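The values are calculated or read from the model by the stated rules, or taken from the named source; none is laboratory data. Given the structure is predicted, the values throughout are model-derived calculations rather than measurements. Cβ sites come from the backbone with ideal geometry, for glycine too, and all protein chains shown count toward neighbours. Calculation scope for accessible area: heavy atoms of the full protein, side chains included, ligands and nucleic acids excluded. Shrake-Rupley method; radii C 1.70, N 1.55, O 1.52, S 1.80 Å.
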Amino acid sequence: QVHVAESGGGLVQAGGSLTLSCVTSASIFSFNALGWYRQAPGKERELVAQITEDGITNYADFVKGRFTFSRDIFKNTAYLQMDSLEPEDTAVYYCHARGAGFHSWGQGTQVTVSL
């Protein structure tokens with residue numbers, strides 16, 4: 001069983017920045033994909049950014065140029081640097097890891113962007 005755990009959410013004003021962290025219980029290299037999703041109240045969960053096993057990072061159009069997904073392979077940790085935050089970015093952000101025979105979700109971390 002692979003576990004992931006997010007941290008770093010909080011309340012920030014529009015235009016501000018936050019950095020989310022996702023610590024994994026297994027080597028990042030064991031994942032086929034590692035990604036960040038978010039779910040706003042009343043909406044479905046949506047992909048924010050994902051890095052695949054070949055190192056390619058994909059971003060949702062609504063965060064391109066504002067969010068940056070990175071990883072520290074020595075710490076088994078992924079990061080989501082979020083800049084120029086907008087009220088529409090308010091959501092619970094989840095880390096997701098997919099590998100051979102498993103899908104793992106974290107408990108989520110709340111990000112609230114105020115005007």
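Observations on the model:
- Of all residues in the range 44-56, those satisfying the criterion of being open to solvent by 50 Å² or more (accessible area, probe 1.4 Å) and either in contact (Cβ under 8 Å) with a residue 12 or more places away in the chain or among the hydrophobic types (A, V, I, L, M, F, W, C) (or both) are ARG45, GLU46, LEU47, GLU53, ILE56.
- Residues (open to solvent by 10 Å² or more (accessible area, probe 1.4 Å) and in a helix (DSSP H, G or I)) located in the range 59-104: ASP61, PHE62, PRO87, GLU88
- Of LEU20, LEU11, all but one fail to be under 14 Å from the mean Cα position of the chain (by Cα) and not aromatic (Phe, Trp, Tyr); the exception is LEU20.
- Within the range 9-32, being surrounded by 16 or more Cβ atoms within 10 Å (Cβ to Cβ) and in a loop (DSSP other than H, G, I, E, B) holds for GLY9, ALA26.
- Residues located in the range 70-85, provided they are touching a strand residue (DSSP E or B) at 6+ places or on another chain (Cβ under 6 Å) and more than 15 Å from SER30 (Cα to Cα): SER70, TYR79, LEU80, GLN81, MET82, LEU85
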